[in-house]
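Chemist: Quick one: the structure is below, and I'll ask about it shortly.
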Amino acid sequence: MNKQISGGLLAALACLSAWADDDRPVDAEVVETADQAGVKLEPAWPLVLEPVVVTTALMTDPYSVSSDPRQPRLPLPAHDGGSYLKSIPGFSLSRKGGTSGDPELRGLGGSRLNILLDDAAILGGCGGRMDPPTAYVYPESFDRIEVIKGPQSVRYGASASGVVHFDRDTPRFDDPEIRGYGSTTVGRFGRRDGVGEVTAGSESAYARLTGTFSEQDDYSDGNGREVHSRYQRWSAGGVFGWTPDENTLVEASIDRSDGEAAYDDRKMDGTRFGRSGYSLRARRANLSDWWRELEFMAYYNYVDHVMDNYTLREPPMMPMVGYPDRRTRGARLNAEFQPARDWLLSAGLDWSDNLHANNSLMGPAVERFGSVPREDNAEFTDFGAFVEASRRVSPRGRVTFGLRVDHGQVEALSEDGFGGVAPGTEDSDDRVSGFVRYSHQLASRPVTFYAGLGRAERSPDFWERRRVFALENEVLTQFDLGARYEGPRLTANLALFYGEFEDFILIAAPGQPGAEARNAEAGTYGGEADVRYRITQQLAVVGTLAWVRSDNDSDDRPLAQTPPLEGTLGLDFDDGRWFGGALWRAVASQDRIHAGHGTIYSLDTAETPGFAVLSVYGGRHFGRAWTLTGGIDNLFDRYYTGHLQRGSADLGAAASRIAEPGRSFWLRLSRRF
C-alpha cells in the first residue's frame, strides 16, 4: 500500500511535467524582482477568480499556503486558529472538546510548529495544553493566514514542521475614509458568532478597531451522544498607525481576549483564557537605492489561564482549581536589501523571553483562589541572528538560502522542582539552522519545479522540560521536492518531503518504560497534492491529498501521533449572483501506533477506523457588499472520530474517544463597506 501511494505521488509529479503549452505563468519571485526594477509584467494566463466559499486552501507553491480568513469556509467557519488550520491540507487537529484543539502539520505540532500573531510569539500556560497558541487566535480579526511548510525559512526561528503567520495588513489612505467589515454566523448546537471591524484613516494616520464573539453549546455526535464541549470566546483589539509619508510607518496595537471552554477528554475545564497583548512597530522603506527597508518591532503577551472541575460541570466531591500564567515578550530588528538587480537579502536579530508560573488548590482550599499567588516555574530566553537571501541564477532559475544561529538559556525556578532538578538549575545551548532551495520554471510549459534542503534545530520546550529537564536538542534534516502547474483551467501543486530526526523528543505516559520524555531517532516522509480544474467559467472541481509516514527508529516502532492518509474532493459553482457546492472528505484508517507514547498534546491509545463525510453549501450575493451563505456539515450525520486525541500524557486515557459533531446547519451573513 505504501509503495502504491508513493508511486502515485511520483506519477502525479511526472504528469505535471508532461503538460505542455506555448506560454507559462509568471513566477511570484520573478514578479517581485520585476517590480523592484520598475518593469510591469502581464500574466500570460487568464486570471482565475478566488472561490466565494473555500472548500480547501490550495498551496501557493509546494512549500507555502496563503488564505483569507474572512472568506466563508466549508465546513462551518472556524472560531479559533486550530479549527481554521484543520481545513488546510497537511494539517490535523487533536480534539479536546468544542474548541482549543492542538494543530499539527505533517504529523508535527507543539513547538515544532511556530505560531505568530502579527510576527509576535504567544505561548499558552496550561501544562496539559488546554490553551495552545491557536486558542488565542480569532481568525476573522486577521487579514491573511500564511503557512510555510517545513524548514524553508529562518526569519522567524527554526521550525521543523512550519511557520503559521496570522497577519493584519497595513491600511493606506489617499483621502479621509472609513472602511468596515462585519459578519454574523448562527448554527446548530447554539452556534453564534459575530465579527465587526471599522478602520478610519487619512494619508497620515489610521485607526482600526476589531471585536469578535463566538459561543456554542455542547454538541451531539452522529450517534446522538452529547459531548461536553460548550465554549464562549470574545476578543477586542485596536491598531493605531502614523504614516507621515509613503515610506514611514509607526504602529501600536493592543489586543484583549477571554473565554471559557468545556473539555470532554479530561476532568477539568478551562474557565479563563485571558490574554493581553501589546506591540510597537516602526518601519522605514526606500532608505537608498540598495537598502529597501528597516523595521523594528517589540511585543508583550500575557496569558492568564484558569482551569477547574466545578464551574462548567457537576461539582465533584473534591474540587480542584489550577491557575498558570505565561508572560512572553520579545523584539525584532530586520533589514531588507537589494545589493544587485538579481539579489534580495534579509538580515536581522531577534530576542524573546518567557516566564511561566503556576499554582493549584484542592478541597476547601479552593475558596482561597484569587488570594494565593502563583509560583514561578521556569524562564526561557533566546537570542537569534539570521540572514536569508535569494538570487536569480538563470533567466528561469532562482536560489534561495538562509542561515540562523540561536543562543538559548533556561532556568528552573520552582521550589517543588522543575523537571527533576533543583531551583536555580540552568541550561544553555547554541543552535544552527539553515536551508537552501532552488526553483526552476520551464520555458515552454506552465510548470515550476522546486527542490530544497533544510536543517532545523530546537531546544526542549517548557512542556518537555517539565517532565525531564535534561534533554538533548532536536534536529531535523529534511529534503523537499515539489512542482506547480498553472494553466488557464488547471492549477495543481505537488509537495514531497523526506526527513531524518536526530534526538527527536518523544513523550510517554506515566508508567511506560523509560522516562516521560526522552530522545529517540526518527524518520518521516510523505507529501501533499492539490488540484483545481475549472470545468466552465462558473463550475470548478477541487481535490487534495495529504499523507505522512513516520517511524521511531530507536524503538523500531511507528512514530506516535502520526495522522492517516486524508483526501478531499470539492465542487464549486458561482455565476456572480448565486453560488454553491459540496465537499467530500475521506480519511483512511490508522493502524500504525505506539500505545502510550506521543507528543506534549496527545498520545496514541488505539487504532482508528477510516471515515468519509459530505458537506454542502449555497448562497447569494446581494450587490457588492452583502453575502449570505448557508451550509450543512456532515450531511448524513455520520459518527466518526479523529485519530489525534487524548490530551497530554499527564492525564492518562479518557473514558472514550471524542467523536466529531453530527449533522450541523449554519447560516452566515457578511458585509464589507
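The values are calculated or read from the model by the stated rules, or taken from the named source; none is laboratory data. The structure presented is a predicted model; accordingly, all values stated were derived computationally and were not measured. Backbone-built Cβ (ideal geometry, glycine too); neighbour counts: all protein chains shown. These accessible areas exclude ligands, DNA and RNA; they are computed on the full protein's heavy atoms, side chains included. Shrake-Rupley method; radii C 1.70, N 1.55, O 1.52, S 1.80 Å.
Chemist: Counting only residues that are in contact with a Ser or Thr (Cβ under 7 Å, 6 or more places away or on another chain) and either farther than 30 Å from ARG326 by Cα or part of a strand (DSSP E or B) (or both), which one in the range 462-484 is least open to solvent (accessible area, probe 1.4 Å)?
Modeler: Among those that are in contact with a Ser or Thr (Cβ under 7 Å, 6 or more places away or on another chain) and either farther than 30 Å from ARG326 by Cα or part of a strand (DSSP E or B) (or both), it is ALA483.
Chemist: Taking the range 660-670 as the region of interest, how many residues are closer than 14 Å to ASN223 by Cα and open to solvent by 30 Å² or more (accessible area, probe 1.4 Å)?
Modeler: 2
Chemist: Can I ask one more? Of (1) open to solvent by 20 Å² or more (accessible area, probe 1.4 Å); (2) under 23 Å from ASP461 (Cα atoms); (3) among the charged types (D, E, K, R), ARG396 satisfies all except one. Which?
Modeler: (2)
Chemist: Out of curiosity, is ARG341 loosely packed, with under 15 Cβ neighbours inside 10 Å, basic (Lys, Arg), at negative phi and in contact (Cβ under 8 Å) with a residue 60 or more places away in the chain?
Modeler: So ARG341 fits the description; yes.
Chemist: Now for a separate question. Run down ARG638, ARG624, ARG646, ARG657 and say which single residue is open to solvent by 30 Å² or more (accessible area, probe 1.4 Å), closer than 21 Å to VAL587 by Cβ and modelled with pLDDT under 95.
Modeler: Exactly one of ARG638, ARG624, ARG646, ARG657 is open to solvent by 30 Å² or more (accessible area, probe 1.4 Å), closer than 21 Å to VAL587 by Cβ and modelled with pLDDT under 95, namely ARG657.
Chemist: Which condition does GLN512 not pass, out of (1) assigned to a strand (DSSP E or B); (2) of a type outside the set (Lys, Arg); (3) modelled with pLDDT under 95, if it passes all the others?
Modeler: Only one criterion is unmet by GLN512, namely (1).
Here's the yes/no breakdown for (1) at pLDDT 80 or above; (2) assigned to a loop (DSSP other than H, G, I, E, B); (3) over 20 Å from the mean Cα position of the chain (by Cα):
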{"position": "SER17", "(1), (2), (3)": "no, no, yes"}
{"position": "ASP23", "(1), (2), (3)": "no, yes, yes"}
{"position": "VAL30", "(1), (2), (3)": "no, no, yes"}
{"position": "THR33", "(1), (2), (3)": "no, no, yes"}
{"position": "ALA44", "(1), (2), (3)": "no, yes, yes"}
{"position": "VAL48", "(1), (2), (3)": "no, yes, yes"}
{"position": "ARG70", "(1), (2), (3)": "yes, yes, no"}
{"position": "HIS79", "(1), (2), (3)": "yes, yes, no"}
{"position": "SER94", "(1), (2), (3)": "yes, no, no"}
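Chemist: Let me ask something else about it. Could you please give the count of residues in the range 272-315 that are open to solvent by less than 40 Å² (accessible area, probe 1.4 Å), assigned to a strand (DSSP E or B) and of a type in the set (A, V, I, L, M, F, W, C)?
Modeler: So the count comes out to 7.
Chemist: Further question: For PRO488, which of the numbered conditions (1) assigned to a loop (DSSP other than H, G, I, E, B); (2) of a type outside the set (S, T, N, Q); (3) touching a Pro at 6+ places or on another chain (Cβ under 6 Å); (4) surrounded by 21 or more Cβ atoms within 10 Å (Cβ to Cβ) fails to hold?
Modeler: In the conditions (1) assigned to a loop (DSSP other than H, G, I, E, B); (2) of a type outside the set (S, T, N, Q); (3) touching a Pro at 6+ places or on another chain (Cβ under 6 Å); (4) surrounded by 21 or more Cβ atoms within 10 Å (Cβ to Cβ), PRO488 misses (4) alone.
Chemist: Sticking with this one: Restricting to the range 446-461, name every residue that is assigned to a strand (DSSP E or B) and either open to solvent by 20 Å² or more (accessible area, probe 1.4 Å) or among the aromatic types (Phe, Trp, Tyr) (or both).
Modeler: Selection gives PHE449, TYR450, ALA451, LEU453, ARG455, GLU457, ARG458.
Chemist: Let me ask something additional. I'm trying to understand the selection: among the residues of the range 260-271, which are open to solvent by less than 10 Å² (accessible area, probe 1.4 Å) and assigned to a strand (DSSP E or B)?
Modeler: ALA261, TYR263, ASP269, GLY270
Chemist: Let me ask another. Would you kindly identify the strands (runs of 3 or more DSSP E) lying entirely within the range 134-221 that contain at least 1 residues that are without any contact (Cβ under 8 Å) to a residue 40 or more places away in the chain?
Modeler: Fully inside the range 134-221 and qualifying: 177-187, 191-201, 205-216.
Chemist: Take the conditions at pLDDT 95 or above and surrounded by fewer than 18 Cβ atoms within 10 Å (Cβ to Cβ) and apply them to ALA612. Does it pass?
Modeler: yes
Chemist: Any residue at all in the range 127-143 that is touching a helix residue (DSSP H, G or I) at 6+ places or on another chain (Cβ under 8 Å), more than 15 Å from GLY82 (Cβ to Cβ), surrounded by fewer than 24 Cβ atoms within 10 Å (Cβ to Cβ) and not polar (S, T, N, Q)?
Modeler: Yes, there is a match, as at least one residue in the range 127-143 is touching a helix residue (DSSP H, G or I) at 6+ places or on another chain (Cβ under 8 Å), more than 15 Å from GLY82 (Cβ to Cβ), surrounded by fewer than 24 Cβ atoms within 10 Å (Cβ to Cβ) and not polar (S, T, N, Q).
Chemist: Any residue at all in the range 224-242 that's surrounded by fewer than 21 Cβ atoms within 10 Å (Cβ to Cβ), in contact (Cβ under 8 Å) with a residue 24 or more places away in the chain and within 16 Å of ASP131 (Cβ to Cβ)?
Modeler: Checked against the condition, which is being surrounded by fewer than 21 Cβ atoms within 10 Å (Cβ to Cβ), in contact (Cβ under 8 Å) with a residue 24 or more places away in the chain and within 16 Å of ASP131 (Cβ to Cβ), the range 224-242 yields at least one hit.
Chemist: Regarding ARG256, is this residue open to solvent by 60 Å² or more (accessible area, probe 1.4 Å), at pLDDT 95 or above and not in a loop (DSSP other than H, G, I, E, B)?
Modeler: Yes, satisfied.
Chemist: State yes or no: is ALA389 over 24 Å from ALA340 (Cβ atoms) and out of contact with any Lys or Arg (no Cβ under 9 Å at 6 or more places or on another chain)?
Modeler: It is false that ALA389 is over 24 Å from ALA340 (Cβ atoms) and out of contact with any Lys or Arg (no Cβ under 9 Å at 6 or more places or on another chain).
Chemist: Can you say whether THR425 is β-branched (Val, Ile, Thr), over 30 Å from SER444 (Cα atoms) and either under 33 Å from the mean Cα position of the chain (by Cα) or at pLDDT 95 or above (or both), as far as the supplied structure shows?
Modeler: Yes: the conditions hold for THR425.
Results for (1) hydrophobic (A, V, I, L, M, F, W, C); (2) in contact with a Cys (Cβ under 9 Å, 6 or more places away or on another chain); (3) more than 20 Å from TYR640 (Cα to Cα), shown as yes or no for each residue.
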{"position": "PRO62", "(1), (2), (3)": "no, no, yes"}
{"position": "SER66", "(1), (2), (3)": "no, no, yes"}
{"position": "LEU74", "(1), (2), (3)": "yes, no, no"}
{"position": "ASP80", "(1), (2), (3)": "no, no, yes"}
{"position": "SER94", "(1), (2), (3)": "no, no, no"}
{"position": "ARG106", "(1), (2), (3)": "no, no, yes"}
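Chemist: Let me ask you something else. Before we move on, is THR248 among the β-branched types (Val, Ile, Thr) and in contact (Cβ under 8 Å) with a residue 40 or more places away in the chain?
Modeler: no
Chemist: Given the conditions (1) touching a residue at least 40 places away in the same chain (Cβ under 8 Å); (2) under 29 Å from THR562 (Cβ atoms), report the number of the one that TYR617 does not fulfil.
Modeler: All conditions pass for TYR617, except number (2).
Chemist: Pick from the range 584-609 the residues that are charged (D, E, K, R) and more than 16 Å from GLY511 (Cα to Cα): which of them is most open to solvent (accessible area, probe 1.4 Å)?
Modeler: In this case the residue turns out to be GLU607.
Chemist: Among the candidates SER346, SER414, which residue alone is crowded, with 18+ Cβ neighbours inside 10 Å, touching a strand residue (DSSP E or B) at 6+ places or on another chain (Cβ under 7 Å), over 30 Å from ASP269 (Cβ atoms) and in contact (Cβ under 8 Å) with a residue 24 or more places away in the chain?
Modeler: SER346
The rows are residues; the columns are (1) under 30 Å from VAL393 (Cβ atoms); (2) in contact (Cβ under 8 Å) with a residue 40 or more places away in the chain.
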| site | (1), (2) |
| --- | --- |
| ARG404 | yes, yes |
| HIS407 | no, no |
| PHE418 | no, yes |
| PRO423 | no, no |
| GLY434 | yes, yes |
| HIS440 | yes, yes |
| SER444 | yes, yes |
| THR448 | yes, yes |
| GLY452 | yes, yes |
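Chemist: Here's another thing I want to ask about it. If I filter the range 565-577 for residues that are in contact (Cβ under 8 Å) with a residue 12 or more places away in the chain and closer than 27 Å to TYR263 by Cβ, do I get at least one hit?
Modeler: There is at least one residue in the range 565-577 that is in contact (Cβ under 8 Å) with a residue 12 or more places away in the chain and closer than 27 Å to TYR263 by Cβ.
Chemist: Please indicate, with yes or no, whether at least one residue in the range 358-376 is under 30 Å from MET317 (Cβ atoms) and open to solvent by less than 20 Å² (accessible area, probe 1.4 Å).
Modeler: yes
Chemist: (1) among the acidic types (Asp, Glu); (2) touching an Asp or Glu at 6+ places or on another chain (Cβ under 9 Å); (3) open to solvent by less than 10 Å² (accessible area, probe 1.4 Å): which one isn't true of ASP169, the others all being true?
Modeler: With (1) among the acidic types (Asp, Glu); (2) touching an Asp or Glu at 6+ places or on another chain (Cβ under 9 Å); (3) open to solvent by less than 10 Å² (accessible area, probe 1.4 Å) applied to ASP169, the lone miss is (3).
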